[in-house]
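Just below is one structure, and these are the notes that go with it.
The values are calculated or read from the model by the stated rules, or taken from the named source; none is laboratory data. Bear in mind the structure is a predicted one, so any value in this text is a computation, not a measurement. Virtual Cβ from ideal backbone geometry, glycine too; neighbours counted across all protein chains shown. Protein only, heavy atoms only, side chains kept; ligands, DNA and RNA dropped before computing areas. Shrake-Rupley method; radii C 1.70, N 1.55, O 1.52, S 1.80 Å.
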Amino acid sequence: MLAKRRKVNFSYVPSKIENGEKVNRIYLPVDICFGEKVLNTNGDAICGLGQKPMLVTGKKSAITSGALDDVVSLLKSSDKEYFIFNEITENPDLDTIDRAINLFVENKCDYAIGIGGGSPLDASKAIALGAANRLRAKDLYDVANHHQCYPIIAVPTTSGTGSEVTQYSVLSDNEAKKKAGFTSFLVFPIVAYIDPQYTLSVPPIVTRDTAIDALSHLLEGLYSNTRNRLLFPFIYEGIKLIVHNLKDLLGDLRNLDLREKMMRASLYGGIAIAHSGTTLQHAIGYPLTSELGLSHGMANGVAMKAIMELFYPSVKEGLDEMFRQLNMSKEEFYDWLDSLDLIYDGQITEEFIEAKYDEVMQSRNMGNNPFEVNAEQVKEVYRKIGR
Ligand code: NAP
Ligand code: FE
């Protein structure tokens with residue numbers, strides 16, 4: 001049984017986990033439990049991290065996936081009290097997080113269990129951190145406010161974000177129509193319970209888009225100026241798992257073996273961005289989601305080819321090794337991407353580009369690009385999107 005902890009205050013937080021050419025570091029304070037029925041066999045932390053968890057979910061997927069049932073069964077078998085907050089929508093917004101923080105405190109919860117796709121997982125991080133420091137959601141963006149955090153457990157039901165192993169949470173400010181993430185080592189989940197069975201119910205479009213999000217993370221592990229060679233074997237393996245299996249999975253959605261492969265790829269992608277951060281690939285997608293409503297994975301996917309072309313000369317060695325391992329040329333890889341129909345069905349107008357390029361330039365993940373990307377290059381990538 002894991003020790004009970006009311007609030008987590010890591011005594012050791014690395015000042016830098018990035019590396020440069022000579023030094024590579026891996027720091028990942030998450031107990032990663034992966035496999036079928038993992039909650040049945042290794043679920044101790046569900047009841048053991050505190051007195052009363054808040055279960056943070058969306059409206060339906062926690063139920064459809066079977067994950068909520070499994071968590072609640074464990075809690076009931078230990079006579080544990082719990083509180084369910086099931087109002088998390090896609091791209092969780094600040095107002096919802098504020099409501100949940102208040103309920104967490106009022107109901108005297110002392111740990112959070114996020115169950116769902118990246119949206120509920122990111123929300124559980126924001127709620128646990130917000131409640132522990134008595135913050136409004138908008139104040140989560142200032143790291144000076146991050147002193148402690150209630151423990152978090154993550155139970156993913158999509159294979160995409162890797163949020164179960166990252167120190168990031170991405171929130172949306174619906175008023176400002178802006179999407180932005182915050183980073184805190186305090187929000188690394190204490191335990192991640194990753195069971196591919198929970199993804200069997202994911203519909204086809206979400207299956208495709210989330211896989212493309214995972215692929216973005218893996219590619220960004222090669223693009224980032226803090227890319228980490230210790231992680232390259234995971235990154236190449238994750239990319240191969242997606243490129244070799246996604247199309248088969250889209251034709252056979254209930255295939256658990258293929259779901260397992262996708263979930264492993266997503267985990268590797270999460271581990272990659274936990275170390276190397278995301279890049280222009282993500283920064284360019286946020287306005288496509290907040291303004292045009294593209295899903296997170298689709299927003300990454302529509303720009304993937306243009307960004308790979310832009311970055312290729314700077315990260316040629318890593319990408320050529322990827323193509324070699326995939327047994328594909330760059331053009332064949334692009335053909336595979338095209339075959340997924342990742343196309344925005346509208347037009348990216350010059351008005352949109354003029355209104356949004358600066359938001360992209362200001363995004364913190366722009367600091368991770370392999371070279372300093374300028375405004376004109378951002379605009380050019382936008383011009384290549386759409387029919
Ligand atoms: P999501 O927004 O969590 O969920 C998308 C849709 O899929 C929702 O309608 C959800 O239903 C449904 N769904 C989820 N699991 C399902 C299942 N097993 N069966 C049936 N339907 C299911 O999607 P996501 O792509 O996983 O997460 C995207 C969010 O994560 C974005 O906000 C993105 O910015 C963020 N993100 C975070 C990180 C990080 O490191 N923290 C990295 C990348 C992306 P319900 O609404 O009913 O739940
Ligand atoms: Fe992502």
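The table below gives the values:
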quantity	calculated
Spin-label model distance (nm) - residue 177 vs residue 332, 7 Å beyond Cα toward Cβ	4.3 nm
Of 262, 233, 251, farthest towards positive along the dipole that unit charges on Lys, Arg, Asp, Glu beta carbons give the stretch 226-273	233
Sequence-distant lysines (8 or more away, or on other chains) whose Cα lies within less than 19 Å of residue 108	4, 7, 52, 76, 80, 125
Restraint check, 177/384; 305/330; 37/59; 179/356; 59/179, Cα-Cα greater than 19 Å	177/384; 37/59; 59/179
Computed lengthening from residue 314 to residue 244, 0.36 nm per intervening residue step minus Cα-Cα distance	22.6 nm
Mean accessible surface per residue for the stretch 78-168, computed with a 1.4 Å probe while every protein chain stays in place, in Å²	34 Å²
Helix-only [θ]222 nm of the chain, DSSP H runs n ≥ 4, -39500 (n - 2.57) each, per residue, nearest 500	-14000 deg cm²/dmol
Total charge dipole magnitude, the chain, about the Cα centre, Cβ charges on Lys, Arg, Asp, Glu only, Debye to nearest 20	1080 debye
Paramagnetic label zone (point 7 Å from Cα along Cα-to-C-beta, residue 351; backbone N under 18 Å) in the stretch 150-186	177
Point-to-point label distance, residue 64-residue 371, nm (Cα→Cβ direction, 7 Å offset)	4.4 nm
Contour minus Cα-Cα distance for residue 362 and residue 144 (0.36 nm per residue)	76.5 nm
Mean Cβ neighbour count within 10 Å, used as a protection proxy, ranking 90-101, 240-251 highest first	90-101, 240-251
